[in-house]
Amino acid sequence: MITAHLLDMDGVLVRGGQPIEGSIDYVAALVATGKPFQIFTNNSRFTPEDHAERLRAVGFPVTPEHIYTSALATARFVELQKPGSSAYVIGDHGLVEALRRAGCRITEYGPDFVVLGDTTSYHYEQIATGAELVAKGAWFLATNPDATGPTERGFHPACGAVAALIEKATGRQPYFVGKPNPFMMRSALDRLGVSAADTILVGDRMDTDVVAGLESGLKTALVLTGVSTRADMERFPFRPDHVIERLADLGKVIMME
């Protein structure tokens, strides 16, 4: 029986910053019934407080505790791998804040890690410094493998593209912590205190959301309000458990099981 939800943000709850029809009511029902859920995103730019405020501004009754980002997953990974470590960060305040809260010291002098995240203002000197530190032996982490990110003008190179630049310069591959890495899914489940068998992951992408849920042992639902279409599904050698037009349709599907 499904008791918990992992809900992707962009393409499932909102599109272009605006709520998708029925998504506010679905989240409100989860809150009202006390069902555990996490809204997760590979966007490492913002803190959970930022994300929650943006969602509340358009009607979602959520708190920062409902938000799980690739920045939080990366900070958790660093905390588990090397407690009390240090990192040189290329990214925005959401990533820096998550690492600091996990007890990681931010520095460019002999850091244990170089941690790359998302930002709309990558600076060449920061990238060059990060590459130099990786070449000298710092462990190379990246919050997510997404090559592009949406902007008002279309898209811009994102974390995955900049990671490829550093990899090419150093010959050192990054470890991507965010989805589709199952580590992010397991971390969210641990945060909720639920098992994978009792949880459904709802996303809009076959290549990150559905595969991440599949590899983590979760039930999966693909919504058709975001990136992947029914036609896109034919390109992949796996299938979600459910395909629904929008999040609001999920309740009927779950009750039929």
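Over every Cα atom in the chain, the radius of gyration and the widest Cα-Cα span, Dmax, amount to 18.1, 57 Å. Rolling a 1.4 Å probe across all protein chains gives Arg54 an accessible area of roughly 130 Å².
What area, in nm² and to one decimal, does the C-alpha convex hull of the range 183-248 cast on average over all directions?
Working: hull surface 17.6 nm².
Dividing the Cα hull surface by four gives the mean projection, 4.4 nm².
What the Cβ-Cβ distance of Arg101 and Gln173 gives, at R0 = 25 Å and to the nearest 0.05, is a FRET efficiency of 0.40. Across Ala71, Ala164, Ala87, mean-square fluctuation computed from a Gaussian network of the chain (C-alpha pairs under 10 Å connected) peaks at Ala164. Which residues does a label at Asp232 reach in the range 182-217, if reach means a backbone N under 12 Å from a point 7 Å past the Cα toward the Cβ? The answer is 203-211, whose backbone nitrogens lie closer than 12 Å to the label point.
Note the full-extension length gain between Glu65 and Ile254 as 0.36 nm times their separation in residues minus their Cα-Cα distance, in nm to one decimal. Working shown, then result.
Values: separation 189, 0.36 × 189 = 68.04 nm, distance 2.47 nm.
Net length gain for the segment: 65.6 nm.
When you restrict to C-alpha pairs under 8 Å that are six or more residues apart and normalise by the size of the range 82-176, the relative contact order lands at 25 percent.
Can you give the relative contact order of the chain as a percent, counting alpha carbon pairs under 8 Å and 6+ residues apart?
Working: 512 pairs, mean separation 50.2, N = 257.
Across the chain, relative contact order equals 20 percent.
What is the local net charge at Glu132, summed over the other residues whose Cβ is closer than 11 Å to its Cβ (Lys, Arg +1; Asp, Glu -1)? Counting the neighbours of Glu132, the net charge comes to -1. Projecting the Cα atoms of Leu141, Gly94, Thr47 onto the dipole axis of the chain, where Lys and Arg carry +1 and Asp and Glu carry -1 at the beta carbon, places Leu141 farthest toward the positive end.
Suppose R0 equals 22 Å. What FRET efficiency, 1/(1 + (r/R0)^6) with r the Cβ-Cβ distance, do Arg239 and Met1 give to the nearest 0.05?
On the way: r = 22 Å, r/R0 = 0.98.
Efficiency at R0 = 22 Å is approximately 0.55.
When restricted to Cα atoms, the range 82-176 yields an Rg and a Dmax of 12.7, 40 Å, respectively. Note on the chain: with a GNM built from Cα contacts shorter than 10 Å, the maximum mean-square fluctuation among Ser86, Ser187, Ser121 falls on Ser121.
Listed by chain and number, the lysines whose C-alpha is less than 23 Å from the C-alpha of Lys252, apart from same-chain residues fewer than 8 away, are Lys35, Lys219. With semi-axes defined as the square roots of five times the eigenvalues of the C-alpha gyration tensor, the equivalent ellipsoid of the range 142-257 measures 28, 18, 12 Å, largest first.
Divide the volume of the convex hull around the Cα atoms of the range 141-192 by the residue count and you get 80 Å³ per residue. Tell me, how many Å apart are the Cα centres for the range 144-193 and for the range 233-256? About 25 Å separates the Cα centre of the range 144-193 from the one of the range 233-256.
So how strong a dipole does the range 126-181 carry about its Cα centre when Lys and Arg Cβ are +1 and Asp and Glu Cβ are -1, to the nearest 20 debye?
On the way: 5 positive and 4 negative charges, 21 e Å.
Using only the charged Cβ atoms, the result is roughly 100 debye.
Extension gain, Ala128-Gln81: 0.36 nm per intervening residue step, less the Cα-Cα distance, totals 14.4 nm. Accessible surface for Asp241 stands near 80 Å², nearest 10, in the context of the full protein assembly shown (1.4 Å probe).
The values are calculated or read from the model by the stated rules, or taken from the named source; none is laboratory data. Only a predicted model underlies this, so the values are computations on that prediction, with no experimental measurement involved. Quick reminder, even Gly has a Cβ in these numbers, built from the backbone with ideal geometry, and neighbours come from all protein chains shown. Heads up: the accessible areas ignore ligands, DNA and RNA and are worked out on the full protein's heavy atoms, side chains in. Shrake-Rupley method; radii C 1.70, N 1.55, O 1.52, S 1.80 Å.
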